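Quick notes on the structure that follows.
The values are calculated or read from the model by the stated rules, or taken from the named source; none is laboratory data. Owing to the predicted nature of the structure, the values given are computational and were not obtained by experimental measurement. Neighbour counts are summed over all protein chains in view; Cβ atoms, including those assigned to glycine, are modelled from backbone coordinates with ideal geometry.
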Amino acid sequence: MTVETDLTALLKTICTRTFPDFAPVGTARPYVTYQQIGGAAPVFVDNTVPDTENGEFQINVWADTRMQAKDLIKQIEAALILETQFQARPIGAAVSDFDADVPVYGARQDFSIWSVR
């Protein structure tokens, strides 16, 4: 298993329309996307490979209303904090977004996730 597999499974318990990187064109809202945006790369002095890894993941929610986006990102934050397959901690608070061209409301939040390598 990878952290992406575990993360996708967890996010789908909150929103079945969950995708890595981007959602297919025409996906019904609400939906969730996520991508790895960095992370820590531990290196040991004895040159052994660590048995855990870290990734910083941005979780994005897209919805028809501000309240729906806010509600979903809060549910995701709580679920990630409580998850036992990996350790996730918010890096900061959720950020609101809006795309007037669509129109669509969004919320995004970054998390540091430690998992088995």
Over region 14-46, the set of residues of a type in the set (S, T, N, Q) and under 20 Å from TRP114 (Cα atoms) is THR33, GLN35, GLN36
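Could you please give the count of residues in region 83-109 that are out of contact with any Pro (no Cβ under 8 Å at 6 or more places or on another chain), within 19 Å of GLU4 (Cβ to Cβ) and in a strand (DSSP E or B)? Walk me through it before giving the result.
Here is the first cut: in region 83-109, the ones out of contact with any Pro (no Cβ under 8 Å at 6 or more places or on another chain) are 83-108.
Still in the running and within 19 Å of GLU4 (Cβ to Cβ): 83-91, 108.
Now drop any that are not in a strand (DSSP E or B), which leaves 87-90, 108.
Summing the residues that are out of contact with any Pro (no Cβ under 8 Å at 6 or more places or on another chain), within 19 Å of GLU4 (Cβ to Cβ) and in a strand (DSSP E or B) in region 83-109 gives 5.
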From ALA41, ALA28, grab the single residue that is surrounded by fewer than 16 Cβ atoms within 10 Å (Cβ to Cβ), at pLDDT below 95 and not β-branched (Val, Ile, Thr).
ALA41
What tally of residues in region 1-25 results from selecting those that are part of a loop (DSSP other than H, G, I, E, B) and surrounded by 14 or more Cβ atoms within 10 Å (Cβ to Cβ)?
4
I'm trying to understand the selection: among the residues of region 61-82, which are farther than 19 Å from ASP110 by Cβ, out of contact with any Lys or Arg (no Cβ under 9 Å at 6 or more places or on another chain), in contact (Cβ under 8 Å) with a residue 24 or more places away in the chain and part of a helix (DSSP H, G or I)?
ARG66
So which residues in region 57-86 are surrounded by fewer than 15 Cβ atoms within 10 Å (Cβ to Cβ) and touching a Phe, Trp or Tyr at 6+ places or on another chain (Cβ under 8 Å), if there are any at all?
ASP64, THR65, ARG66
